[in-house]
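Here the structure comes first, spelled out in structure tokens, and everything after it is commentary.
Values in this text are rule-based calculations from the coordinates and carry no lab data. Values in this document were obtained by computation on a predicted structure and should not be read as measured data. When we count neighbours, we look across all protein chains shown, and the Cβ atoms used for this are built from the backbone with ideal geometry, even at glycine.
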Amino acid sequence: MTAAPVALSSTSSVIDFTASGFAAYGNTALNSIGTRKVLWPGDANFNGTVKYAGGANDRDVVLQVIGGGTPTNVVTNVYHGADINLDGSVKYAGSANDRDIILQTIGGSVPTATKTQQLP
């Protein structure tokens, strides 16, 4: 969502959320990767909050998708909300896993921190 209204007309308007100078609604609504702006990853349960620990956390969704019992299991060739890094696999443990991205999104050092989507 843009920080300010964009007037619409019969002429198309370019709205590029990836541009570093583009303003989105809210405080830290977008993450920066290099010079690009991107959405924050990690809301695997689609409840509007990225949460690593506690009730209704996103980390447990990743674990449930891989079967819940063996954290080293991997589910491949999927299109699923628990595939946080969008590589086509849901992975809870090991290198390039989806669980660590959730922790990084909330800041990486306090597992009980959260990041909430920003809507008016």
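Between SER109 and PHE17, what is the label-to-label distance in nm when each label sits 7 Å out along the Cα-to-Cβ direction?
Placing both labels 7 Å along Cα→Cβ, they lie 2.9 nm apart.
How big is the stretch 9-87 by the Kirkwood estimate over distinct Cα pairs, in Å?
Numbers: mean 1/r = 0.0663 Å⁻¹.
For the stretch 9-87, inverting the mean 1/r across all distinct Cα pairs yields 15.1 Å.
Lysines near LYS91 by alpha-carbon distance under 25 Å, same-chain residues fewer than 8 away left out - which ones?
The qualifying lysines are LYS51, LYS115.
I'd like the Kirkwood hydrodynamic radius of the stretch 41-116, using the inverse of the mean 1/r over distinct C-alpha pairs, in Å. Display every interim value, and only then the final one.
Details: mean 1/r = 0.0835 Å⁻¹.
Radius from the Kirkwood sum: 12.0 Å.
Relative contact order of the chain: what whole-number percent is it, with Cα pairs under 8 angstrom and at least 6 residues apart?
Reported relative contact order: 23 percent.
Which of the peptides 56-69, 23-36 is most tightly packed, and how do the rest follow, going by the mean number of other Cβ atoms within 10 Å of each residue? Mind dumping the intermediate values first?
Details: 56-69: 18.8, 23-36: 12.1.
Output ranking for 56-69, 23-36: 56-69, 23-36.
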